[in-house]
Amino acid sequence: MVLKERHPGHNVNRQSLLSGLNVITDQHLMPRDRFVEMVDAAVRNGAKIVQLREKHTPPEEIARLGQSLLSVTRRYGALLLINDDPEIAHAIGADGVHVGREDATVPEARVLLGPDAIIGVTCYGQIERAVAAVQEGADYVAFGTPFPSPTKGTQGKTPLTIYREVKQHVSVPVFAIGGINAGNAQQIRDAGADAISVVSGVFGAPDVGAAAKFLATMFT
């Protein structure tokens, strides 16, 4: 993979984008020939963050997809994060990375990506994990799953009370992920989350743009 320079001026006010609608790609919901088109529809209609999530795809293909998505996110002033892999994020000049329990640590990702990168951490239902992540330099923490999810399943369902509770312990934005859609997103907002991470609620909708617009407007 060829190392790419970050887009000039794209560092400006990144932290302000850590709220509202974060869309996560899904290779089963998004045909390759419509992949970029579907992301474009979501970002054009208010998604502030795109997280490229490819669990069983070769790194070279993930990098190619990421480079294609960067042209979309930069056009609309959104962020592109790579799921799990700081090395790919670094190689293509993405805005940051989202990591889970079995991925690189926050300090490891920070050393590779630098001080301006956005690093998000999945905390499952564990407030202590969020506190530790923030102490290590995470820019946001994510908790799920509040609702049954086609991608996350129902195991380990997180109570809605956790979003307000965790904000008593950390000062970074708190994201909610898992089964969120137009019918229940208001509950997440009322529960105190700063942002929602959505997969099928946007990319599984009949009209991707309309779904993204509805959810993004709810968190404006």
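The values are calculated or read from the model by the stated rules, or taken from the named source; none is laboratory data. As the structure is a prediction and not an experimental result, all values here were calculated from the model. When we count neighbours, we look across all protein chains shown, and the Cβ atoms used for this are built from the backbone with ideal geometry, even at glycine.
Give the residue, chosen from 176, 182, that is under 14 Å from the mean Cα position of the chain (by Cα), of a type in the set (Gly, Ala, Ser) and on the phi < 0 side of the Ramachandran plot. Lay out the reasoning, then the answer.
Details: 182 fails: under 14 Å from the mean Cα position of the chain (by Cα).
Within the list 176, 182, the selection yields 176.
Residues of the range 59-70 that are in contact (Cβ under 8 Å) with a residue 12 or more places away in the chain and either of a type in the set (Gly, Ala, Ser) or surrounded by fewer than 19 Cβ atoms within 10 Å (Cβ to Cβ) (or both): 59, 60, 63, 66, 67, 68. The condition (being hydroxyl-bearing (Ser, Thr, Tyr), under 25 Å from residue 30 (Cα atoms) and modelled with pLDDT of 95 or more) is satisfied by just one residue among 105, 145, 151, 217: 217.
Number of residues in the range 192-220 that are touching a Ser or Thr at 6+ places or on another chain (Cβ under 7 Å) and in a loop (DSSP other than H, G, I, E, B) equals 3. Of the listed requirements (1) assigned to a helix (DSSP H, G or I); (2) under 21 Å from residue 24 (Cα atoms); (3) without any contact (Cβ under 8 Å) to a residue 60 or more places away in the chain, residue 180 misses just one: (1). Checked against (1) farther than 24 Å from residue 53 by Cα; (2) of a type in the set (D, E, K, R); (3) crowded, with 16+ Cβ neighbours inside 10 Å, residue 190 passes all but condition (3). For the range 77-102, the tally of residues that are surrounded by 22 or more Cβ atoms within 10 Å (Cβ to Cβ) and among the charged types (D, E, K, R) stands at 2. Might you check whether a residue that is surrounded by fewer than 21 Cβ atoms within 10 Å (Cβ to Cβ), farther than 22 Å from residue 214 by Cα and out of contact with any Leu (no Cβ under 7 Å at 6 or more places or on another chain) occurs anywhere in the range 40-53? Within the range 40-53 (the criterion being surrounded by fewer than 21 Cβ atoms within 10 Å (Cβ to Cβ), farther than 22 Å from residue 214 by Cα and out of contact with any Leu (no Cβ under 7 Å at 6 or more places or on another chain)), the answer is yes, since at least one residue qualifies. If we scan the range 183-200, do we find a residue that is in contact with a strand residue (DSSP E or B) (Cβ under 9 Å, 6 or more places away or on another chain), polar (S, T, N, Q), within 21 Å of residue 137 (Cβ to Cβ) and at pLDDT 95 or above? Within the range 183-200, one or more residues are in contact with a strand residue (DSSP E or B) (Cβ under 9 Å, 6 or more places away or on another chain), polar (S, T, N, Q), within 21 Å of residue 137 (Cβ to Cβ) and at pLDDT 95 or above.
Within the range 185-220, the only residue that satisfies the criterion of being among the β-branched types (Val, Ile, Thr), more than 13 Å from the chain's Cα centre (by Cα) and closer than 30 Å to residue 128 by Cβ is 188.
Among the listed residues 122, 217, 158, which satisfies the condition of being in contact with a Phe, Trp or Tyr (Cβ under 9 Å, 6 or more places away or on another chain), of a type in the set (Ser, Thr, Tyr) and over 21 Å from residue 82 (Cβ atoms)? Before you say what the answer is, go through the steps one by one.
Details: 122 fails: over 21 Å from residue 82 (Cβ atoms); 217 fails: in contact with a Phe, Trp or Tyr (Cβ under 9 Å, 6 or more places away or on another chain).
One residue alone meets the criteria, 158.
Among the residues in the range 73-85, are any among the aromatic types (Phe, Trp, Tyr) and more than 28 Å from residue 36 (Cα to Cα)? Before the answer, list the steps.
Of all residues in the range 73-85, those among the aromatic types (Phe, Trp, Tyr) come to 76.
Among the residues that remain, those that are also more than 28 Å from residue 36 (Cα to Cα) are: none.
Within the range 73-85, none of the residues are among the aromatic types (Phe, Trp, Tyr) and more than 28 Å from residue 36 (Cα to Cα).
The set of residues in the range 14-44 that are among the polar types (S, T, N, Q), touching a strand residue (DSSP E or B) at 6+ places or on another chain (Cβ under 9 Å) and over 13 Å from residue 201 (Cα atoms) comprises 15, 19.
In the set (1) out of contact with any His (no Cβ under 8 Å at 6 or more places or on another chain); (2) buried (at least 19 other Cβ atoms within 10 Å of the Cβ), residue 105 fails one condition alone, (2). Checked against the criterion of being out of contact with any Cys (no Cβ under 7 Å at 6 or more places or on another chain) and within 21 Å of residue 38 (Cβ to Cβ), the candidates 206, 173 yield just one match: 206.
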